[in-house]
Amino acid sequence: FIEAAAALTIAYLALEVVLLPHSRTRWVVVAVLGLFHGMYFATFLIASGYRPAAFFAGVATAQVLVIGGLGLASRPILAIRRVVPVAASLLLVAGLGWFFLRLWR
């Protein structure tokens with residue numbers, strides 16, 4: 001259930017970015033939806049048996065590397081006018097695909 005909920009949070013946030021591109025309260029939505037992702041990570045951590053310190057150090061390192069790399073690579077891309085709605089639409093499709101995959105598994 002929690003993995004399907006996490007997938008729907010991605011799809012919902014992507015839909016909000018497409019439909020409400022200038023939302024001022026998106027940070028509230030992100031905080032609430034982040035709770036589902038936190039529960040998903042906690043469930044994964046319990047089921048996997050990994051040590052919490054090592055797991056979260058790996059997650060933090062991966063996030064810094066991915067966000068940093070995407071930040072450097074996307075500067076010229078973000079100058080294109082329609083890149084954010086297109087990227088959000090791709091995330092919407094990926095989130096819904098992940099959700100339906102979890103339903104049938």
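The values are calculated or read from the model by the stated rules, or taken from the named source; none is laboratory data. In this text the structure is predicted, and so the values were computed from the model without any measurement. Reconstructed Cβ throughout: ideal geometry from the backbone, glycine too, with neighbour counts over all protein chains shown. These accessible areas exclude ligands, DNA and RNA; they are computed on the full protein's heavy atoms, side chains included. Shrake-Rupley method; radii C 1.70, N 1.55, O 1.52, S 1.80 Å.
Taking all protein chains in place and a 1.4 Å probe, what share, in percent, of the accessible surface of the chain do carbon and sulfur account for?
Here carbon and sulfur together make up 75 percent of the probe-accessible area.
Please report, in debye to the nearest 20, how large the charge dipole of the chain is about its Cα centre when each Lys and Arg carries +1 at its beta carbon and each Asp and Glu carries -1 there.
For this selection, approximately 200 debye.
Could the peptides 64-75, 27-38 be put in order, highest first, of the mean number of other beta-carbon atoms found within 10 Å of their residues?
Packing order, densest peptide first, comes out as 27-38, 64-75.
Would you mind checking the tilt of helix 83-104 against the longest principal axis of the Cα atoms of the chain, expressed as 0 to 90 degrees and rounded to 10?
The angle comes out at about 30 degrees.
Below 8 Å, C-alpha to C-alpha, sequence gap of six or more: please give me the relative contact order for the chain in percent.
Contact order relative to length: 61 percent.
Apply the Karplus parameterisation 6.51 cos²θ - 1.76 cosθ + 1.60, with θ equal to phi minus 60°, to every residue of the range 63-69 and state each ³J(HN,Hα) to the nearest whole Hz, in sequence, with x for glycine and proline.
Coupling constants for the range 63-69: 5, 4, 5, 5, 5, x, x Hz.
Which order do the peptides 7-13, 80-86 come out in when sorted by mean C-beta neighbours inside 10 angstrom, highest first?
7-13, 80-86
Whole percent per 10 Å bin, from 0 to the bin with the longest distance: what is P(r) over all C-alpha pairs of the chain?
14, 33, 40, 13, 1
Could you do me a favour and compute the accessible area per residue for the chain, 1.4 Å probe, result in Å²?
75 Å²
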